[in-house]
Amino acid sequence: MLNLHLLTGAGEIPTYPIIRKIGLADLKDAAAKGIDDFRVMPTHVIFLAIIYPLVGLFLARMTFGYHVVPLLFPLAAGFALIGPFAAIGLYELSRLREKGVNVSMKHAFGVLRCPSLDAIAAIGMVLMIVFLIWLTTAQWLYQSLFGYGWPGSIRLFLSDILTTREGWILIIAGNGIGFLFAVLVLTISVVSFPLLLDRDVGATVAMRTSTRAVLRNPLMMAAWGLFVAFTLVIGSLPFFVGLAVVIPVLAHSTWHLYRKVVEPDLSPRQDREPRSKGRRYAADFPAVPFPWTHEDEP
């Protein structure tokens, strides 16, 4: 029955939410509410803690070996493919704030108690596979044009890309292929993760609902995708620093976009209240460092 729950959720027969038709005003309102969420609960410190080590690793790798240089742009662009899964904790913060909860960063871990956690992990795995296929495709495209050798420096790499016929083919073809990957991810995930947090549905229901949302609102979803791409590019300059603000704002805004697109559930998910803290005993170790694992015990 675990596999059935992963695919369809709580019921044996899947139920699909009603999709609304939205307009440009809805997109603006979702973005405005996302900015307001970020203003009230700025989560940029965590993203700074993640981004700077990643950038440091990249810089170190570039220092000791230039063979990673051709994949820098595909890596940076590809992070948007797994972004919907990486932002799952931020969706949860927006969900709880919407319910009037005085949220703090610990509430992001409430995702671990979500009934649809298995479906969330499954779709996250799908996005990771898409990300790896994108990197493999980008590497194949580069090697098909420039061979299996690697540029000796960043300057030589940029010269190859910007001043040769092969380089312009790489730019045009690479962006075209990347666009197709981005459309795929947007289609299956634009409302999938918020829906899984909001209701006990399965991965199949979530991805199909997301696809229906895109098909019902193709122009608005295209506009949303362009907005996401544009803000990610702006946030990447300089040295990815702006992503510390852009990523949380986009994540919070995505939750509110979900609220615009999907009709509310008449019986929404009921959050399990944590039990009051009592005395801890040595027998509780090693669960004591992770108190949320015992919150639902009698």
* Has the stretch 63-73 got at least one residue that is modelled with pLDDT of 65 or more, out of contact with any Gly (no Cβ under 7 Å at 6 or more places or on another chain) and over 22 Å from residue 150 (Cα atoms)? -> no
* **Search result, residues across the stretch 123-138 that are surrounded by fewer than 14 Cβ atoms within 10 Å (Cβ to Cβ) and either over 30 Å from residue 203 (Cα atoms) or among the hydroxyl-bearing types (Ser, Thr, Tyr) (or both)** => 136
* **Any chance residue 251 is surrounded by 13 or more Cβ atoms within 10 Å (Cβ to Cβ), modelled with pLDDT of 50 or more, under 19 Å from residue 92 (Cβ atoms) and of a type outside the set (S, T, N, Q)** => yes
* To do: Give 164, 187 a once-over and let me know the one that is hydroxyl-bearing (Ser, Thr, Tyr) and either surrounded by fewer than 18 Cβ atoms within 10 Å (Cβ to Cβ) or touching a strand residue (DSSP E or B) at 6+ places or on another chain (Cβ under 8 Å) (or both).
  => 164
* To do: Could you list all residues from the stretch 92-114 that are at pLDDT below 85, more than 19 Å from the chain's Cα centre (by Cα) and crowded, with 17+ Cβ neighbours inside 10 Å?
  => 103
* Among all residue pairs at least 6 apart or on different chains, which show Cβ distances below 8 Å where the first residue, located in the stretch 18-41, is within 18 Å of residue 209 (Cα to Cα) and the second is of a type in the set (Gly, Ala, Ser)? -> 19/213
* Could you tell me whether the stretch 193-205 includes any residue that is at pLDDT 95 or above, over 22 Å from residue 128 (Cα atoms) and either buried (at least 18 other Cβ atoms within 10 Å of the Cβ) or within 13 Å of the chain's Cα centre (by Cα) (or both)? => no
* Asked: Taking the stretch 208-223 on its own, how many of its residues are more than 17 Å from residue 250 (Cα to Cα), in contact (Cβ under 8 Å) with a residue 40 or more places away in the chain and surrounded by fewer than 22 Cβ atoms within 10 Å (Cβ to Cβ)?
  -> 3
* Quick check: is even one residue across the stretch 224-233 under 16 Å from the mean Cα position of the chain (by Cα), surrounded by fewer than 24 Cβ atoms within 10 Å (Cβ to Cβ) and hydroxyl-bearing (Ser, Thr, Tyr)? -> yes
* **residue 143 vs. criteria farther than 19 Å from residue 190 by Cα, of a type in the set (S, T, N, Q) and in contact with a helix residue (DSSP H, G or I) (Cβ under 7 Å, 6 or more places away or on another chain)** => no
* Examine the stretch 142-161 for a residue that is surrounded by 13 or more Cβ atoms within 10 Å (Cβ to Cβ), closer than 30 Å to residue 210 by Cβ and at pLDDT 90 or above, and state whether such a residue exists. => no
* Asked: Restricting attention to the stretch 8-22, does a residue exist that is assigned to a helix (DSSP H, G or I), buried (at least 20 other Cβ atoms within 10 Å of the Cβ) and at pLDDT 65 or above?
  -> no
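Can you name every one of the helices (runs of 4 or more DSSP H) wholly within the stretch 86-203 that holds 1 or more residues which are of a type outside the set (D, E, K, R) and closer than 29 Å to residue 41 by Cα?
The qualifying helices (runs of 4 or more DSSP H) are 88-98, 117-146, 165-189, 192-198.
The values are calculated or read from the model by the stated rules, or taken from the named source; none is laboratory data. Source: prediction; values computed, not measured. Here the Cβ is made from the backbone with ideal geometry for all residues, glycine too, and neighbour counts use every protein chain on show.
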